[in-house]
1. Please get the size of the charge dipole for the chain, origin at its Cα centre, with Cβ charges of +1 on Lys and Arg and -1 on Asp and Glu, quoted in debye to the nearest 20.
2. Show me the three semi-axes of the equivalent ellipsoid for the chain, from the C-alpha gyration tensor (sqrt of 5 times each eigenvalue), largest first, rounded to whole Å.
3. Relative to the longest principal Cα axis of the chain, at what angle does helix 223-237 sit, 0 to 90 degrees, rounded to 10?
4. As a test of the definition: which semi-axes, in Å, follow for region 109-239 when you take the square root of five times each eigenvalue of its alpha carbon gyration tensor? Largest first, please.
5. Which percentage, to the nearest 5, of the DSSP beta bridges contained in region 10-137 is antiparallel?
6. Express the accessible area of region 39-181 per residue in Å², computed with a 1.4 Å probe while the remaining protein chains stay in the model.
7. So what J values fall out for region 91-104 if you push phi through Karplus, 6.51 cos²θ - 1.76 cosθ + 1.60 with θ = phi - 60°, rounded to Hz, Gly and Pro as x?
8. Which Cys residues of the chain have no other Cys beta carbon under 4.7 Å away?
Amino acid sequence: MNSEQSIVILTGAGISKESGLDTFRDAGGIWARVRVEDVATPEAFAADPVRVREFYNHRRARLTAANIEPNAAHHALARLEDDWPGEVLVVTQNIDDLHERAGSRNLLHMHGELLKARCQACGHVVGWRGDLSAGHVCEACGRTGGMRPDVVWFGEMPFEMERIYAALESCSLFLSIGTSGNVYPAAGFVQHVIARTRAPTVEMNLEPSEGASLFAQAIYGPATQTVPEYVDRVLAQGW
Ligand code: BV8
């Protein structure tokens, strides 16, 4: 356990499930109700911006509801960042703000953030907690009609990829928590770590992910149980 040992943690929708937010591919998940092609691609937004904004308005209203709070797994990762002597970086696929609200600071939202909006005309990004509509004016360029959720749709380049790959290539431990391993490039991070480091790779999920066979270790169960237990163990004795 030394300050040279950095930890990279990839999280997905499963870490927020016990906070009351839906996952995508579980039974009853988001993609069981709407099609990716209709709400999560640039083409969908061009074809029917009202429908796409509504899809995110509904999720933003859910996320900002009073009863949605970070859970013990989010808090455990924030505690790991505070107490581990080396760097701890959380790379989340999630667009919710539960990691921040739990206290994580060294955090990258590779698929963007639900509580931000971006102007398609000038690229200006602004915090956004209410509904988004075509009538909203960009505070930077004054144009209307171009405000979109600041999230990464299918076919768009995820954010901060250079920083993420640099962190993966120098980590001493890679954890993947609450993700089904269906979406790239995130689903390929474990192979990147294996190809370039000797770091242990650990999957923590409710059930084996698509990439389960690639991980050196697997811990299955609800994140609010498995993640705090694992963090306690790492802080007490390393890995
Ligand atoms: C891109 C938007 C390139 C915001 C999302 C190979 C290489 C590169 C790209 C591709 C490739 N093959 C295919 C592609 C294209 C595509 C892709 O991956 N398609 C898949 C479907 C095959 N990828 C892309 O388009 C990406 N862009 O590659 O660009 C590029 C290159 C040059 C120039 C331009 C572009 C962009 C991908 C991002 C898309 N946006 N979301 C939003 O609406 O949220 S993806 C969406 O899926 C979410 O972000 C989500 O986070 C992500 C992954 O889902 P999961 O988080 O894993 O959620 P899921 O429900 O699937 O799983 C939950 C898991 O939790 C389950 O396993 C469950 O068991 C577990 N669980 C449940 N409860 C609990 C639990 N675990 C613990 N405790 C519990 N209680």
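The values are calculated or read from the model by the stated rules, or taken from the named source; none is laboratory data. This one's a predicted model, so the numbers in the text were calculated from it and none came from an experiment. Here Cβ is always computed from backbone atoms with ideal geometry, including for glycine, and neighbour counts include all displayed protein chains. Just the protein is used for accessible areas: all its heavy atoms, side chains included, with ligands, DNA and RNA removed. Shrake-Rupley method; radii C 1.70, N 1.55, O 1.52, S 1.80 Å.
1. Charge dipole, the chain, about its Cα centre: 400 debye, nearest 20.
2. For the chain, the ellipsoid semi-axes come out as 32, 18, 17 Å.
3. Result, in degrees: 40.
4. Working from the Cα gyration tensor, I get semi-axes of 36, 17, 14 Å.
5. 40
6. 42
7. For region 91-104, the Karplus curve yields 10, 10, 7, 7, 9, 7, 10, 6, 4, 4, 5, 7, x, 5 Hz.
8. Lone cysteines by the Cβ rule: Cys171.
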